[in-house]
Structure formats: structure tokens, C-alpha cells
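A quick write-up on the structure given underneath.
The values are calculated or read from the model by the stated rules, or taken from the named source; none is laboratory data. Given the structure is predicted, the values throughout are model-derived calculations rather than measurements. Positions of Cβ are backbone-derived with ideal geometry, glycine not excepted, and every protein chain shown enters the neighbour counts. Ligands, DNA and RNA are excluded from the accessible area calculation, which covers all protein heavy atoms including side chains. Shrake-Rupley method; radii C 1.70, N 1.55, O 1.52, S 1.80 Å.
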Amino acid sequence: MTTRKLERSEWREYFDEVAKRQPSMRVAVSVMAEDLGVQPETQGADLIGITYDSKEGYLEIGTPDVTHRIENPDEIYVQEEGGQLLSIEVLAPDGTKQIVELRRS
């Protein structure tokens with residue numbers, strides 16, 4: 001298992017490639033804040049897509065019921081194993097960490 005920081009210049013291309021090669025996945029999205037602890041937004045939802053819009057500056061994780069958007073991320077880390085994306089950690093400008101965990105359906 002490898003964790004690495006994505007450089008900002010990689011974000012759009014990386015998530016475009018993930019969208020092309022990811023099998024059917026389920027996703028859990030949680031927000032971690034010092035004053036709130038861990039707040040789950042969605043657990044075990046079908047993943048529709050992950051995209052980074054470089055023009056507007058946001059990372060978006062889509063499920064049938066929730067679209068989770070992170071505006072102007074500061075840093076993005078990915079955890080991969082065998083070429084498959086397992087999780088994403090996004091540091092947001094407001095100091096929160098957004099954790100996206102992926103698993104095969």
C-alpha cells in the first residue's frame with residue numbers, strides 16, 4: 001500500500017484517469033474537523049464519479065444521493081494498492097480533512 005501527495009498540476013489528469021479505470025465502487029465520505037470530530041457524510045454509497053475541475057477549482061465526489069464538493073483544496077493525498085485507488089485525503093482551506101474511502105462493490 002502506497003500513500004503519496006498529488007501535486008496540484010496532477011489533480012485533473014489523475015482523477016480523469018481514475019474515472020476511466022475504476023471498477024464499480026462504493027464510497028464513504030467523512031469530514032474531520034478539530035471542533036466537530038469525524039462527521040460521516042455518506043457510507044457505502046455507489047460511486048458515480050470523482051472529478052477535479054481545474055477551471056472552477058473544486059474536487060467533486062458523486063453518489064446517487066450526495067454530491068460532495070471540496071472548493072479550492074490545499075493538498076490531496078491518495079492511497080493506492082496494485083494500481084487501485086483505495087482512499088483520498090483532502091486538506092481544505094478551512095482546516096478540515098475530507099476522507100474518501102473506496103472499495104469494490
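State whether the residues of the stretch 8-22 include one that is assigned to a strand (DSSP E or B), of a type in the set (Ser, Thr, Tyr) and open to solvent by 30 Å² or more (accessible area, probe 1.4 Å). No, that holds for no residue.
Residues considered: Met32, Met1, Met25. Of these, the only one that is open to solvent by 20 Å² or more (accessible area, probe 1.4 Å), under 17 Å from Gln79 (Cα atoms) and hydrophobic (A, V, I, L, M, F, W, C) is Met1.
Return yes or no: is Ala45 surrounded by 13 or more Cβ atoms within 10 Å (Cβ to Cβ), hydrophobic (A, V, I, L, M, F, W, C) and within 22 Å of Arg4 (Cα to Cα)? Step through it out loud before you land on a result.
On the way: surrounded by 13 or more Cβ atoms within 10 Å (Cβ to Cβ): yes; hydrophobic (A, V, I, L, M, F, W, C): yes; within 22 Å of Arg4 (Cα to Cα): no.
It is false that Ala45 is surrounded by 13 or more Cβ atoms within 10 Å (Cβ to Cβ), hydrophobic (A, V, I, L, M, F, W, C) and within 22 Å of Arg4 (Cα to Cα).
Examine the stretch 69-85 for a residue that is in a strand (DSSP E or B), small (Gly, Ala, Ser) and either touching a strand residue (DSSP E or B) at 6+ places or on another chain (Cβ under 6 Å) or free of Cβ contacts under 8 Å to residues at least 40 places away in the same chain (or both), and state whether such a residue exists. For the stretch 69-85, residues in a strand (DSSP E or B), small (Gly, Ala, Ser) and either touching a strand residue (DSSP E or B) at 6+ places or on another chain (Cβ under 6 Å) or free of Cβ contacts under 8 Å to residues at least 40 places away in the same chain (or both): absent.
Each residue in the stretch 92-105 was checked for being part of a strand (DSSP E or B) and more than 14 Å from Met25 (Cβ to Cβ), and 3 pass. Set side by side, the residues Glu89, Glu60 differ, and just one is in contact with a Ser or Thr (Cβ under 6 Å, 6 or more places away or on another chain), part of a strand (DSSP E or B), open to solvent by less than 80 Å² (accessible area, probe 1.4 Å) and of a type in the set (D, E, K, R), which is Glu60.
Kindly indicate whether any position in the stretch 75-96 is acidic (Asp, Glu) and modelled with pLDDT of 95 or more. So far as the stretch 75-96 goes, yes, one or more of its residues are acidic (Asp, Glu) and modelled with pLDDT of 95 or more.
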